[in-house]
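**Q** Here it is: the structure, laid out below.
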Amino acid sequence: MWTRRGPTVLLVALVTAGLGLVPAPALARQCEQADPIARHHCELGGAASFLGAPVGGPFDVPGGRAQNYVGGTISWSPGTGAHEVHGAVLGAWAALGRERSDVGFPVTDELGVADGLGRHNDFQRGTITFTPATGAHEVRGAIWGTWSRLGRERSALGYPLTNELGTPDGGRYNDFQRGSVYFTPATGAREVRGAIWGTWTALGRERSALGYPVTDELGTPDGGRYNDFQRGSVYFMPATGAREVRGAIRGKWASLGAQAGFLGYPVTGELGTPDGGRYNHFQGGSIYFTPTTGVHEVHGAIRDRWAALGWASGPLGYPISDEYAVTGGRQSDFQRGFLRFDAATGTVRMALLAPYDQSGTWVTRFRFSREYAGANPPITPATVDAMAAAGVDTIYLQAAADDPRFPGLLSPDLLGQFLARAHARGMQVVAWYLPHLTDVEADLRRLRAMADFRASGQAFDAIGVDIEDLSVTDVDIRNARLVDLSARLWAALPDVTLGAIVLPPVVTDVLNPSYWPRFPWRQLARYYQVWMPMAYWSNRTAASGWRDAYRYTSENIARTRANLGEPCAAVSVIGGFGADLPATDYGAMARAAADRGAVGVSVFDWTTTPAASWPLLRDYSVRGC
C-alpha cells in the first residue's frame, strides 16, 4: 500500500540475544501511524514483539521524544529517526543518561555482529556493544573512530571491556578484550594491544615513563610489531618479547637504524645500574646512558669483553664513545680506559688510563738508583711525600737501563719502596725503559722483568718504552727491530697498558725529518695504548717559531694522532724541561693539552721542575679528544 509518506513496508525480525531468542521469519507489516515512534513499534511487531506493550505514554527528551515498553524503549529525534534500544544495551545506555549521555540518540536498532556472539546499537557519537562474556559497554568519540577504523568487534582488539574512562591527567580510554585505545587531544586516539599492551600495562600505562601512545600498533619489514609513545617505543618479536626503549637510549638506537640496524631488536626493557645508569640490551649489543657520559652503544667482541669485566661496575666504567675504527681494528672508549679489538688476532685488549692520566713527574736512573747515583741518590722513596704534596698523580720511574753491567732491574729494594710509598698515597707508578735496540732479546727481558716485579704484593701500574735512541744507525734495521720488540712486548703482556714515549713529531716531521725518517707510526699503533710525545718547548728557540709552550704542545699532540691515523688516540704529553722555565709555560702546556683532549700531562723531570709550576698542573682531569 502506498501513502503520502511513501512505502512503509519493512522486513522485521529483531530479537534480543539477551533473551536467548533467534531471528523469526520476516513479516511484511503495513504501518501508517503518523507518530514515528508508534510507527516503528508497529514495524517491529507491536505489542507482540520483543518490546511488548507500551509502559506509560511518550515523553519529551532534550531534542526529541521517547516511549518505554515492557521490553525496551524507542527514541526519536528529527535528525536520527526512531530506533529501539533494549536488553543489556539499554541498561548500559540508561546508566549513561540515555539521550542526554555523550553517545546521544540511537541511529540504529540493535544489530548482530558477524561473529554471531555480539549485539550492538550505534548512536550519534558512539556505540554500545554487548556479549554475554564482556557485558555491554559504550565506545564513543575519537576512541570509537579508531576502533571502527580498525574493524570494531572484528578487529584485533575485540569487544570493549569498559566504558570510556578517564585518566588522572585528563586522558580518555577504553579497554578491550585484547588491548586498549587511549586518547588525548595532543596524541589522538591510538590502539595498544597484545604483547605490547601487556608490557605497557606492566610499566604503568600512560603514567609510565613512556606516556601515551602516538601510533597504533605498526609492523616492521621483517615481521616485528611496535607502538611509538610520547617518550619511547615498545617493540615486539616472538623471539625477543615486547620490550620498551625510551629516552636517550631510544634516540641512539633510532640513529643507528633501530631494529634494522646492527643492534636489532631490544631483548630487555630499559633497566638501571646500581649507581644510577640506564641501559637496554639488544640482539646485537647494548646501549648505556648516564648524564655525565651520554648515551653510547657497545657491541660484538668488545661488548663480550666488557661484560666479562663486570659491565659498568668493572674497572672501565661506562662507555664514553660508540665503537669506531682504529688502525688494525675497532675500539670503544670508557670512563677509565678503552677496549681495542685487534682484527689480526681476534683478541680484545683492555687499556686502563689511570697510570697516564692527570699530572705526573719523571725520575731517571741518575736520580734514584745506587747503580748510577751512588750510595746517596738525590731522590729517595721519602721524596714521594713531597711529590704527593705538590699534586703529582703518577711517578714515571726508570726501572732498568740498557747497560750490560746491569742486566736486571735497578736497585730493586728502592723500587719496592717507591711503589709502596706511592700506592699508600693513592699515586700510580709507571716503570719505563730506554732500549738501544742493539739486543732486542735483552730489551724484552728487562721490560718483562718490570712487569713481573713484585714487592710486598706491589706491582708497577704500567710500562713505558722510551723510543728515541739512535744506536742502530741503519734506519730500516732500527725500525724493524722496534716493531719486532713492540709486537713481542704486546703479545707477552696482554694485561699491561703500554705507553710509547716518542720523539716530538714537530721535530721529526718539520724541523729535522732526517733525525728519524720513516718512523713506523702506523705499524706501532696497535701495540701501544698511550702515546707520550716529548714536547720540550725549552729545546726550541724563539727564532724557530716553536718556543711557545702552548703552540708546541698543541701541535705535537695533533701530529701524534695524525701520524697514527687515529684522531682520538690517547695522548699523555710530556713537557719541560728546565729550572729556569716560568710557571706560566707549564700553565700554557696544561691548557693546550686540555684543549686537545690529552688524557694527561707530565713534566721532565722532578728535580728541574719549579715548585711554582705544580699548582697549574695538579688536578688535571681530561678524558677524550
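**Q** Would you tally the residues in segment 306-316 being assigned to a loop (DSSP other than H, G, I, E, B) and surrounded by 20 or more Cβ atoms within 10 Å (Cβ to Cβ)?
**A** 1
**Q** Looking at A579, is it in a loop (DSSP other than H, G, I, E, B) and touching a Pro at 6+ places or on another chain (Cβ under 8 Å)?
**A** Yes.
**Q** Same structure, new question: Kindly indicate whether F334 is of a type in the set (F, W, Y) and closer than 19 Å to L498 by Cβ.
**A** Against the criterion (of a type in the set (F, W, Y) and closer than 19 Å to L498 by Cβ), F334 qualifies.
**Q** Something else now. State whether one or more residues within segment 399-408 are closer than 30 Å to V475 by Cβ, part of a helix (DSSP H, G or I), among the aliphatic types (A, V, I, L, M) and touching an Asp or Glu at 6+ places or on another chain (Cβ under 9 Å).
**A** No.
**Q** Quick one: which of V430, V392 is closer than 18 Å to F604 by Cα, at pLDDT 95 or above and touching a helix residue (DSSP H, G or I) at 6+ places or on another chain (Cβ under 9 Å)?
**A** V392
**Q** Would you confirm whether any residue within segment 409-425 is modelled with pLDDT under 95 and either closer than 28 Å to R591 by Cα or part of a loop (DSSP other than H, G, I, E, B) (or both)?
**A** There is no residue in segment 409-425 that is modelled with pLDDT under 95 and either closer than 28 Å to R591 by Cα or part of a loop (DSSP other than H, G, I, E, B) (or both).
**Q** Now a separate question. I'm trying to understand the selection: among the residues of segment 328-360, which are within 26 Å of the chain's Cα centre (by Cα), among the polar types (S, T, N, Q) and open to solvent by 20 Å² or more (accessible area, probe 1.4 Å)?
**A** Q335, T347
**Q** What is the residue count in segment 539-558 for residues that are modelled with pLDDT of 95 or more and surrounded by fewer than 19 Cβ atoms within 10 Å (Cβ to Cβ)?
**A** Residues flagged as modelled with pLDDT of 95 or more and surrounded by fewer than 19 Cβ atoms within 10 Å (Cβ to Cβ) within segment 539-558 amount to 5.
**Q** Let me ask another. Of all residues in segment 433-447, which are closer than 27 Å to V392 by Cβ and either under 39 Å from the mean Cα position of the chain (by Cα) or open to solvent by 20 Å² or more (accessible area, probe 1.4 Å) (or both)?
**A** L434 - this is the single residue of segment 433-447 that is closer than 27 Å to V392 by Cβ and either under 39 Å from the mean Cα position of the chain (by Cα) or open to solvent by 20 Å² or more (accessible area, probe 1.4 Å) (or both).
**Q** For segment 582-625, what are the residues that are among the polar types (S, T, N, Q), assigned to a helix (DSSP H, G or I) and open to solvent by less than 80 Å² (accessible area, probe 1.4 Å)?
**A** Correct list: S613 only.
**Q** Let me ask you something else. Considering only segment 226-243, I want to know if a residue exists there that is in contact with an Asp or Glu (Cβ under 8 Å, 6 or more places away or on another chain) and among the charged types (D, E, K, R).
**A** No; the residues of segment 226-243 include none that is in contact with an Asp or Glu (Cβ under 8 Å, 6 or more places away or on another chain) and among the charged types (D, E, K, R).
**Q** When you look at S514, is it free of Cβ contacts under 8 Å to residues at least 60 places away in the same chain, open to solvent by 60 Å² or more (accessible area, probe 1.4 Å) and more than 43 Å from the chain's Cα centre (by Cα), yes or no?
**A** Criteria met by S514.
**Q** When segment 398-419 is examined, which residues are found to be open to solvent by 50 Å² or more (accessible area, probe 1.4 Å) and under 46 Å from the mean Cα position of the chain (by Cα)?
**A** Q417
**Q** On to the next question. Residues of segment 423-446 being among the hydrophobic types (A, V, I, L, M, F, W, C) and over 16 Å from T364 (Cα atoms), which ones?
**A** Answer for segment 423-446, where residues must be among the hydrophobic types (A, V, I, L, M, F, W, C) and over 16 Å from T364 (Cα atoms): A424, M427, L437, V440, A442, L444.
**Q** Having 1 or more residues that are free of Cβ contacts under 8 Å to residues at least 60 places away in the same chain and crowded, with 18+ Cβ neighbours inside 10 Å is the bar; report the strands (runs of 3 or more DSSP E) wholly within segment 42-148 that clear it.
**A** By residue number, 64-69, 72-77, 81-86, 119-123, 126-131, 135-140.
**Q** Out of everything in segment 361-378 that is buried (at least 24 other Cβ atoms within 10 Å of the Cβ) and touching a helix residue (DSSP H, G or I) at 6+ places or on another chain (Cβ under 9 Å), what residue ends up being nearest to G600 (Cα to Cα)?
**A** T361
For every residue, the table says whether it meets (1) among the charged types (D, E, K, R); (2) within 25 Å of G329 (Cα to Cα); (3) in contact with a Pro (Cβ under 8 Å, 6 or more places away or on another chain).
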site: P504; (1), (2), (3): no, no, yes
site: P520; (1), (2), (3): no, yes, no
site: Y527; (1), (2), (3): no, yes, no
site: Y536; (1), (2), (3): no, no, yes
site: W546; (1), (2), (3): no, no, no
site: N563; (1), (2), (3): no, yes, yes
site: G575; (1), (2), (3): no, no, no
site: A593; (1), (2), (3): no, no, no
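The values are calculated or read from the model by the stated rules, or taken from the named source; none is laboratory data. Bear in mind the structure is a predicted one, so any value in this text is a computation, not a measurement. Cβ atoms come from the backbone with ideal geometry, glycine included; neighbour counts cover every protein chain shown. We work out accessible area using only protein heavy atoms, side chains counted, and drop any ligands, DNA or RNA first. Shrake-Rupley method; radii C 1.70, N 1.55, O 1.52, S 1.80 Å.
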